Amino acid sequence: MFHVKPDRHDGPLLSLSPDQRRRLEAYADLVRSWSRRINLVAPGDLNHLWHRHILDSAQLADLLPPSATRLADLGSGAGFPGLVLALLTDRETHLVERDQRKAAFLREATRLLGAPATIHAEDAALLPPLMADVITARAFAPLPGLLPLIVRHLRPRGVALLPKGRSVDRELTEVAGSWTMRLERFPSRTDPSATILRVSEVARV
């Protein structure tokens, strides 16, 4: 059974300090540069990188529990949302990406930008538990495959922030008989068809 708390997430799309904007713009430049060599994001997305990927990731910062100190991002890819959150919040962040080329990009971006991130170029299912206060995963896996990884890497009383698209209700239906969780839903501020799930107290039935 799911415990659902309706909520809204209104207000300005994003308020950035000059330093935060500088760091994110430098990060965007790195994504564009490396995308000439490896497929970090879809070619058509490079013209909409700031809104479609960076702001879409950055909106999760407002949903982080104030007490959370360790973040873990599963299937980080080009660093959305994990590296964006590390740059915005300066919290300890673990980026899990098994693709070696993308992991190499994350290492270089972390070094150049001074982000507090550790890169794990491994399969999230084989990585020792990270005991994170918050887990994020964006465009990584549907809920049936994602929930076991959340349980593996999330600290007790931690939360997961999961941006989801149009398939969110179908995914929730697929796991309803196998998992229990406390669930909050927030409308995305960058995509009217998307939803952000904040999940806690995840357990197998």
Restricting to the chain, compute how many DSSP beta bridges are antiparallel as a %, nearest 5. 40 percent
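Within the chain, what whole-number % of the accessible surface is contributed by carbon and sulfur, with the 1.4 Å probe and all protein chains included in the calculation?
Numbers: 5030 of 9830 Å².
Whole-percent figure for carbon plus sulfur exposure: 51.
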Can you work out the accessible area per residue across the chain, with the rest of the protein chains kept in place, probe 1.4 Å, in square angstrom? 48 Å²
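Charges only on Cβ, +1 for Lys and Arg, -1 for Asp and Glu: so what's the dipole of the range 70-181 about the Cα centre, in debye to the nearest 20?
Result for the range 70-181 is approximately 60 debye, rounded to the nearest 20.
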Which order do K102, K164 take by accessible area at a 1.4 Å probe, largest first? K102, K164
Output wanted: per-residue J couplings in Hz (rounded whole) for the range 83-91, from phi through Karplus 6.51 cos²θ - 1.76 cosθ + 1.60, θ = phi - 60°, x for Gly and Pro. 6, 4, 5, 4, 5, 7, 10, 6, 8
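Grab the DSSP H runs of the chain that are 4 residues or longer, score each as -39,500 (n - 2.57), total them, divide by all residues and round the 222 nm result to the nearest 500 deg cm²/dmol. Could you put the intermediate results ahead of the total?
On the way: 5 runs with 58 residues, N = 205.
Counting only the DSSP helices, I get -8500 deg cm²/dmol.
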By how many nm would the segment from D29 to E122 grow when fully extended, if each residue of separation counts as 0.36 nm and the alpha-carbon distance is taken off? 30.9 nm
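To the nearest 20 debye, what is the magnitude of the charge dipole of the chain about its Cα centre, counting +1 on the Cβ of each Lys and Arg and -1 on the Cβ of each Asp and Glu? If you can, show how the numbers build up before the last one.
Numbers: 28 positive and 23 negative charges, 25 e Å.
It works out to roughly 120 debye.
Would you mind calculating the gained length between R36 and T173 on full extension (0.36 nm times residue separation, minus the Cα-Cα distance), in nm to one decimal? List each step's numbers first, then the result.
Details: separation 137, 0.36 × 137 = 49.32 nm, distance 3.95 nm.
Length gained between R36 and T173: 45.4 nm.
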In the chain, if the dipole is taken from +1 on Lys/Arg beta carbons and -1 on Asp/Glu beta carbons about the Cα centre, which of W179, H120, S17 is farthest to the positive end? H120
Fluctuation leader among G158, G82, G44 - the chain, Gaussian network, Cα springs under 10 angstrom: G44
GNM, the chain, Cα, under 10 Å: largest mean-square fluctuation among R155, R91, R22? R22
Percent breakdown of C-alpha pair distances by 10 Å bin, ordered from the shortest bin, for the range 120-205: 17, 53, 28, 3
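The values are calculated or read from the model by the stated rules, or taken from the named source; none is laboratory data. As the structure is a computational prediction, the values presented were derived from the model and not from experiment. As a convention, Cβ positions derive from the backbone with ideal geometry for all residues, glycine included, and neighbour counts pool all protein chains shown. Protein only, heavy atoms only, side chains kept; ligands, DNA and RNA dropped before computing areas. Shrake-Rupley method; radii C 1.70, N 1.55, O 1.52, S 1.80 Å.
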